[in-house]
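Engineer: Structure incoming, see below.
The values are calculated or read from the model by the stated rules, or taken from the named source; none is laboratory data. In this text the structure is predicted, and so the values were computed from the model without any measurement. Here the Cβ positions follow ideal geometry from the backbone for every residue, glycine too, while neighbour counts run over all protein chains shown. With ligands, DNA and RNA removed, areas are computed over all heavy atoms of the protein, side chains included. Shrake-Rupley method; radii C 1.70, N 1.55, O 1.52, S 1.80 Å.
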Amino acid sequence: MRNTPGGLRAWLSGHPLIPDAALAVALAVAAVPYAHAGLLLGAPAGLMEPDVLGLALVVAGCLSPALRRHLPFTMLILVGLIEMTLASLHQSGSLLWVAALMLVYTIAAQRGLALSLCALLVSLICRVLLVAASGGLGDRTAHLLVAVLATTMWITGRSVRLRRAYLAELRDRAERTEQVRESDTRAARAEERSRIARELHDVVAHHVSVMTVQASAARRVLATNPDGAREALSAIEETGRAAMAEMRNLVGVLRTDAAPAERNPQPGVREIPALVDQMREAGLPTQLDMGGEGERLPPGVDLAVYRLVQEALTNCLRHAGPQARAWVTVRQGPGELAVQVEDDGHGPEAPGLSGAPGSSGDRTGHGLVGIRERVALYGGVLRIGPRPEGGFEVDARFPLKDVP
């Protein structure tokens, strides 16, 4: 496998001891001839070339940056002690000051503010002690220059640390933002699935209830009134086709291919008269009263009103009883849309169904629970319960403040 510059850099970042050791060895190799040549910055004539012990101390001090990522503060103190020892012996410290600068930078870039300030203070104190330990042989200008360089390296290291912290914070913030975005996306998908499930429940419950009533009527008149049975079967067929069309439109939004099926517009208030006619054909005498300003409704409110009337009439057909009648009132006034669906039924003869005493809860199943959520979504008010004069009532009020 061919090594790229980026791959080599990543590998070295994962093994920091290798480049640090190579740098320390290079510094130690350069420090030996430097000490013999007497090229120390401002080195006075009184300094002696280091002996074997001095060279060993110089090499040990120059090798200390190999551990600068693990024990930087300890290595800095070690370098300072070696420098003062060599100064007391009037021997050249060679390139130990370079090792000290590297350690100061490392501490400032990788450690906290308190420890980095202590490292800078130790470095500056070492400069002062070197002047005192050299007995006047040290060049004060050279030590002052090293002190200035140490301060500069400390500032540079702190800047690098702050920049790294800033970039890390940006990456962390980006990751949190991405997680929040993914969480919002999952929540939106779950909400959309829930909405589609409610839509499917409303569609299936309504049409299946109508088909059941029509099938029952066809069965009763099949022998005595074939024409009536034929009409009932035709109504069942039309209702089934309508149910399949609506279900196909709703399930179509779940398709993920590149060519989704075309979908018809969702039903609204204008389709309520056709819905009422369908309920009359199913055997529920229904009276419709629509009026008001007739302004255009928001699409969500328009669909919610239709589903509310559809679910309420379906419940009337299923639970109000064979002799029940229903009234649908839709009134659009200034800033409000009122929808009311009532029936005068007393329920079927079987006990425990709607209309029987204590059974009003049977008219508030999953469908009307979904309607309650729809009304609440648009800031409306919904009341569901029995009428004082008998029967059942669904009354909703939608605010229309945002209607243009």
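Engineer: Is at least one residue of the stretch 154-163 part of a helix (DSSP H, G or I), open to solvent by 20 Å² or more (accessible area, probe 1.4 Å) and more than 28 Å from A26 (Cβ to Cβ)?
Structural biologist: Checked against the condition, which is being part of a helix (DSSP H, G or I), open to solvent by 20 Å² or more (accessible area, probe 1.4 Å) and more than 28 Å from A26 (Cβ to Cβ), the stretch 154-163 yields at least one hit.
Engineer: Identify, by number, the condition in (1) part of a helix (DSSP H, G or I); (2) at pLDDT below 75; (3) not hydrophobic (A, V, I, L, M, F, W, C) that R270 doesn't meet.
Structural biologist: In the conditions (1) part of a helix (DSSP H, G or I); (2) at pLDDT below 75; (3) not hydrophobic (A, V, I, L, M, F, W, C), R270 misses (2) alone.
Engineer: Is it the case that the stretch 34-47 has a residue that's under 14 Å from A99 (Cβ atoms) and either at pLDDT 80 or above or in a helix (DSSP H, G or I) (or both)?
Structural biologist: Scanning the stretch 34-47, I find at least one residue that is under 14 Å from A99 (Cβ atoms) and either at pLDDT 80 or above or in a helix (DSSP H, G or I) (or both), so the answer is yes.
Engineer: Moving on. Tell me whether the stretch 276-287 contains one or more residues that are of a type outside the set (D, E, K, R), at pLDDT below 85 and over 19 Å from F398 (Cα atoms).
Structural biologist: Taking every residue of the stretch 276-287 in turn, at least one turns out to be of a type outside the set (D, E, K, R), at pLDDT below 85 and over 19 Å from F398 (Cα atoms).
Engineer: Would you be able to tell me the number of residues in the stretch 175-209 that are in contact with a helix residue (DSSP H, G or I) (Cβ under 9 Å, 6 or more places away or on another chain) and at pLDDT 75 or above?
Structural biologist: Qualifying residue count, the stretch 175-209: 0.
Engineer: Just to check your reading of the model, which residue among C126, C118 is modelled with pLDDT under 90, within 19 Å of L71 (Cα to Cα) and in a helix (DSSP H, G or I)?
Structural biologist: C126
Engineer: Another one. Consider the stretch 280-332. How many of its residues are open to solvent by less than 30 Å² (accessible area, probe 1.4 Å) and either in a strand (DSSP E or B) or free of Cβ contacts under 8 Å to residues at least 12 places away in the same chain (or both)?
Structural biologist: Result for the stretch 280-332: 6.
Engineer: Which one of these does T256 not meet: (1) within 26 Å of the chain's Cα centre (by Cα); (2) open to solvent by 70 Å² or more (accessible area, probe 1.4 Å); (3) among the β-branched types (V, I, T); (4) modelled with pLDDT of 75 or more?
Structural biologist: (4)
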